[in-house]
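The next block holds one structure in the form of structure tokens; read it before the comments.
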Amino acid sequence: MTALSEAPLPALDKQPIHPKYRPDIDGLRAIAVLSVVAFHAFPSLIQGGFVGVDVFFVISGFLISSIIFGSLEKNRFSFLDFYTRRVNRIFPALLLMLAATWGFGWFSLLADEYTQLGKHIAGGAAFVSNFVLLGEAGYFDNSAETKLLLHLWSLGIEEQFYLVWPLMVWAAWKIRVNALILIVLVGGISFALNILNVHSDSVGTFYSPQTRFWELLVGSLLAYVTLHKHQHFQIWREISGQTARNILSITGLTLLATAFALTTKSNQFPGWWAVLPTLGAALIISAGPSAWLNKNVLSSRLFVWFGLISFPLYLWHWPLLTFARIINSGTPSIEMRCSAIVIAIVLSWLTYRLIELPLRNISSKVRVVFFLAFMGAVGTIGYITFTSGGLTSRPTVQNSKAINEQFVATTGWKYAKNDTCLTRYNFEYAKTLPWWFCSTNRDQPPTTVIIGNSYANHLYPGIIHATPDATVLSMGTCDAGHIVNAEFPGNPCSLDSPKRQNEYIDNIIKSSGTVKTVIISGITLVDDESYAEKLSSRISYMDKLGIKVVIFVPHFTLGYNPRACFARPFKSPEKDCKFGLVVRERLLHIFNGLAAKITKHNPNVLFYDQNETFCSNSGCSMVIDGMPAYRDEYFHYSEYASDQVGKNFIKWAEKNGVKLD
């Protein structure tokens, strides 16, 4: 058998070379998919179950590379045939899942939820979900558990590998470069990027193809070794005895079990941790179908059955679990999660039996044209859903339009920044930050400045609406009391970033000469001397300029998603967003200690309790006039709540001699 760097044999057949079917690999697929499903449904049961995706990567790299290497050596490789087979394998189940998710979302999702689903459908149809998710990652990102197509990130990685790897191998074969060199070179670079970047950019390392390709290339290396074991790896003959094969498979299973048990979300993953599942999967595959574990366990009917439906099961399980989370505004009951998994298994079997198998008997060319057209249509519908703001004409949205309009995905909060502010205050350093608040209501020097984090910015609409004559500037990203923080990769408030931001904002306040009042909000609720001193230093700077400083008492938050307080399709309200005055008293007790420390250094500072808007003598409610006080799961004010707080603050400001205009 010739190596890929040698001259090809004369063409005998145009059909590509496919590796012999191995039921044990389907069994390994079963372990991979069941671990992922178990982790998503019961994360405390198998905390490292998500590494099942890495097992899939190795399997995919092994099978695809086996086809490419074998076909090239027999002069039977065809790009058209290769990609045709990929379309026929992947598109049927994926199209069905995307269409069904969009269809159920029509009846069950609110505008912002459906908008995000449309975006992710478009990304999934184009196989760039990993890039879409990477672009969303950050402070304003909603939790992963509410993203209906989050799981398609791994499919994006695989498809990008399928696009790039055959071209690279074919080019290497054409110029007579040994494929082993290519595997080691590309895989080594990918693994090095993974190790180098996982600490500084864990999210980017997780979703980026260049830092995950090495896992598929582990499978490619195994494919090359298997194909050339008699020519280039004489040692293979010495270790290929039954005992050695059993040791390989048992060692591989042990590594997988270790990965499932020890890998957690808090680990820097993939990094070195990803070596456990990838090496484990590679050892199991390398042991061959005759190893005891592979032959008697992985090749058993139950494991093979789950392996055969593993792809549709991976596709179906996550949307079902996520719909349950969204509709319940939180983690669904154990019974509901179990039901979702049972439904996913049934749907997967039906997809395999009624969609995937029958379609194999239809002309390949006809199927490809149909699938490509259908995928284009689904992607277009998703994009239209995204750009139209979630198709707000749907009855689901119209039936509670006023309430639903208050729920805004944090990425869609229109008051975070505007062009007027960004043009007037061109802070070059802010361009390097993942988020930066910069909004002003007119192109003039400010009379009122709001500083702090997102809990300061959410006051901005209420204040500009209540004081139309004031020129209000909302700027910043970090807690006003933070000067230098610990390193938090990807966080704009790491290291000396808060100090640099504070200096820029302070310079605006000083140079304008027009600022009458500075509002500080979003401070940390701690009775701490060091923190109080940092805040006091900031306040003293304003005080020396003759500027009145008002600190807002931290606002209430809940221990559950505020959407749970409102009816939605298929669900009545589970919560009422109400609580007793004892919660307010507890909050004020902590804050009063901090306020006393600040006042000791800054006797002119004023404090405003924004929670008065939500409380009466009988208790507190985060539903005002039937409207939600929060716009998202992170307890940022809705525009309606911001307006109510703004109105009450202006009344208080007038009584206390605080001028905003």
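One line per residue, one yes/no per condition, for (1) among the polar types (S, T, N, Q); (2) more than 30 Å from Thr211 (Cβ to Cβ); (3) part of a helix (DSSP H, G or I); (4) modelled with pLDDT of 85 or more:
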{"residue": "Asn246", "(1), (2), (3), (4)": "yes, yes, yes, yes"}
{"residue": "Ser249", "(1), (2), (3), (4)": "yes, no, yes, yes"}
{"residue": "Leu255", "(1), (2), (3), (4)": "no, no, yes, yes"}
{"residue": "Phe260", "(1), (2), (3), (4)": "no, no, yes, yes"}
{"residue": "Phe269", "(1), (2), (3), (4)": "no, no, no, yes"}
{"residue": "Val275", "(1), (2), (3), (4)": "no, no, yes, yes"}
{"residue": "Leu279", "(1), (2), (3), (4)": "no, no, yes, yes"}
{"residue": "Ser286", "(1), (2), (3), (4)": "yes, no, yes, yes"}
- Within the stretch 520-529, is even one residue of a type outside the set (D, E, K, R), under 26 Å from Tyr429 (Cβ atoms) and surrounded by fewer than 21 Cβ atoms within 10 Å (Cβ to Cβ)? yes
- Item | Flag for Glu487 being surrounded by fewer than 18 Cβ atoms within 10 Å (Cβ to Cβ) and in contact (Cβ under 8 Å) with a residue 24 or more places away in the chain | no
- Odd one out for Ala99 among (1) at pLDDT 95 or above; (2) among the small types (Gly, Ala, Ser); (3) surrounded by 18 or more Cβ atoms within 10 Å (Cβ to Cβ): (3)
- Taking Ile327, is it surrounded by 14 or more Cβ atoms within 10 Å (Cβ to Cβ) and at pLDDT below 95? yes
- Is it the case that Lys401 is farther than 21 Å from Phe649 by Cβ, basic (Lys, Arg) and surrounded by 18 or more Cβ atoms within 10 Å (Cβ to Cβ)? no
- Query: Which of the residues belonging to the stretch 106-126 are closer than 15 Å to Val378 by Cα and either aliphatic (A, V, I, L, M) or not in a helix (DSSP H, G or I) (or both)?
  - Reply: Leu117, Ile121, Ala122, Ala125, Ala126
- Message: Condition first: of a type in the set (Lys, Arg) and in a helix (DSSP H, G or I). Now tell me which residues in the stretch 339-368 satisfy that.
- Response: Arg353, Lys365, Arg367
- Item | So Asp443, is it within 19 Å of Tyr415 (Cβ to Cβ), more than 35 Å from the chain's Cα centre (by Cα) and surrounded by fewer than 21 Cβ atoms within 10 Å (Cβ to Cβ) | yes
- Message: List the strands (runs of 3 or more DSSP E) inside the stretch 513-617, counting only whole elements, that have at least 2 residues being within 35 Å of the chain's Cα centre (by Cα).
- Response: 517-521, 548-552
- Any chance the stretch 62-69 includes a residue that's hydroxyl-bearing (Ser, Thr, Tyr), assigned to a helix (DSSP H, G or I) and within 24 Å of Gln210 (Cα to Cα)? yes
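The values are calculated or read from the model by the stated rules, or taken from the named source; none is laboratory data. As the structure is a computational prediction, the values presented were derived from the model and not from experiment. Using ideal geometry, Cβ is built from the backbone for each residue, glycine included, and neighbour counts are taken over all protein chains shown.
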